[in-house]
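Q: Please read through the structure below; I'll follow up with questions.
The values are calculated or read from the model by the stated rules, or taken from the named source; none is laboratory data. In this text, all values refer to a predicted model and were calculated from it rather than measured experimentally. Backbone-built Cβ (ideal geometry, glycine too); neighbour counts: all protein chains shown.
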């Protein structure tokens, strides 16, 4: 029997042998005192890749986003962002709980809120209306199937924000997927934001961690907020070591994930009972519309050795990653074909 094909998320990846060796041999120190040399190297490398002055290793992407919001705002401020972005939908209302800010959500088309709509909503604040302090973007954009926000669009938002004195934070959990898809360095995307978070534990296949990047002053305050939230760690260089390996060896191979996602999507789109908006298959995600209840399809696929998620009543999400190879894609396609034949 072929091994289980796990398409639930790119968070299910396990560290490579090279990562495990680096973790075992990592030079460590107390990072609360800034003395872990491996974490320091990771932060320097991440800042360099993203074109920022400094960076901070955090346990999760959610913490990275929430630290950024806290640093950029004061209680009672307003944050503009897409209504279906990760910060709104999947971070348990943390921005309200931690930062006491008002999230002003706007509808989008595949993650793109028209620039003129942002311009209309920005407000300096007065005795009745909270001041707009921050715009949050997400690239790639999860809720629409991993689509990529174009660089030109991000530049337009950046110019608008600069004009009005508003900060921009980029939830770049999968920024390197966006970089590969667009064919531009990640630092060009990061240049359109004051701060950017990216995940090591998704497509880059590390066991734990994300990195928040920004100016030196921003990161100094972010370090303080991380401590408040309980995110400061001690000899965490054993985790950062995997991140260094990932930044050196796991970025370019993301193109393989994109290719495999496309192959999977094209096959499923031609099967009865399923449909795929191929325009959204731009990176490593495939959102499949189902005639049957998605939960039923998930259960049928699991009996055939394929795992995926039902994200809506009639929508499946499939995510390719480094632990899914071409043979796995063939097995997944065969499993979908069998389900299609009995549905």
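Q: Considering only strands (runs of 3 or more DSSP E) fully contained in the stretch 259-343, which possess at least 2 residues that are within 22 Å of residue 182 (Cα to Cα) and in contact with a strand residue (DSSP E or B) (Cβ under 7 Å, 6 or more places away or on another chain)?
A: The strands (runs of 3 or more DSSP E) meeting that bar are 285-290, 315-319.
Q: Sort out for me the helices (runs of 4 or more DSSP H) sitting completely within the stretch 99-192 that have 2 or more residues that are under 16 Å from the mean Cα position of the chain (by Cα).
A: Hits in the stretch 99-192: 175-182, 186-190.
Q: Collect the residues in the stretch 278-294 that are out of contact with any helix residue (DSSP H, G or I) (no Cβ under 9 Å at 6 or more places or on another chain), within 21 Å of residue 84 (Cβ to Cβ) and surrounded by fewer than 17 Cβ atoms within 10 Å (Cβ to Cβ), keeping them in residue-number order.
A: Across the stretch 278-294, the qualifying residues are 279, 289.
Q: Can you say whether residue 241 is assigned to a loop (DSSP other than H, G, I, E, B) and over 19 Å from the mean Cα position of the chain (by Cα), as far as the supplied structure shows?
A: Against the criterion (assigned to a loop (DSSP other than H, G, I, E, B) and over 19 Å from the mean Cα position of the chain (by Cα)), residue 241 does not qualify.
Q: So is residue 98 in contact with a strand residue (DSSP E or B) (Cβ under 9 Å, 6 or more places away or on another chain) and in contact (Cβ under 8 Å) with a residue 60 or more places away in the chain or not?
A: No; evaluated as a whole, the condition is false for this residue.
Q: I've got another one for you. Select from the stretch 124-170 the residues that are in contact with a helix residue (DSSP H, G or I) (Cβ under 9 Å, 6 or more places away or on another chain) and farther than 25 Å from residue 50 by Cα and list them in ascending order.
A: 124, 132
Q: Next question, about the same structure. If I filter the stretch 277-288 for residues that are more than 22 Å from the chain's Cα centre (by Cα) and either within 12 Å of residue 146 (Cβ to Cβ) or touching a residue at least 12 places away in the same chain (Cβ under 8 Å) (or both), do I get at least one hit?
A: no
Q: Next up: Looking at the structure I just gave you, is residue 151 modelled with pLDDT of 95 or more and either touching a strand residue (DSSP E or B) at 6+ places or on another chain (Cβ under 8 Å) or over 21 Å from residue 282 (Cα atoms) (or both)?
A: Against the criterion (modelled with pLDDT of 95 or more and either touching a strand residue (DSSP E or B) at 6+ places or on another chain (Cβ under 8 Å) or over 21 Å from residue 282 (Cα atoms) (or both)), residue 151 does not qualify.
Q: Sort out which residues of the stretch 203-217 are surrounded by fewer than 24 Cβ atoms within 10 Å (Cβ to Cβ) and out of contact with any strand residue (DSSP E or B) (no Cβ under 6 Å at 6 or more places or on another chain), and write them in order of number.
A: Scanning the stretch 203-217 gives 207, 208, 215, 217.
Q: Given the structure, is residue 225 surrounded by fewer than 24 Cβ atoms within 10 Å (Cβ to Cβ) and part of a loop (DSSP other than H, G, I, E, B)?
A: The answer is no for residue 225.
Q: Follow-up question, since we're still on this one. Only residues that are surrounded by 15 or more Cβ atoms within 10 Å (Cβ to Cβ) and over 20 Å from residue 145 (Cα atoms): list them for the stretch 310-333, please.
A: 328, 330, 331
Q: Which ranges mark the helices (runs of 4 or more DSSP H) fully within the stretch 1-93 that have 1 or more residues being within 19 Å of the chain's Cα centre (by Cα), farther than 30 Å from residue 307 by Cα and in the same structural domain as residue 195 (by TED's automatic domain parsing)?
A: It comes to 37-50, 61-72.
Q: Of the conditions (1) in a loop (DSSP other than H, G, I, E, B); (2) more than 19 Å from the chain's Cα centre (by Cα); (3) in contact (Cβ under 8 Å) with a residue 40 or more places away in the chain, residue 251 clears all except one; give me its number.
A: So the condition that residue 251 fails would be (2).
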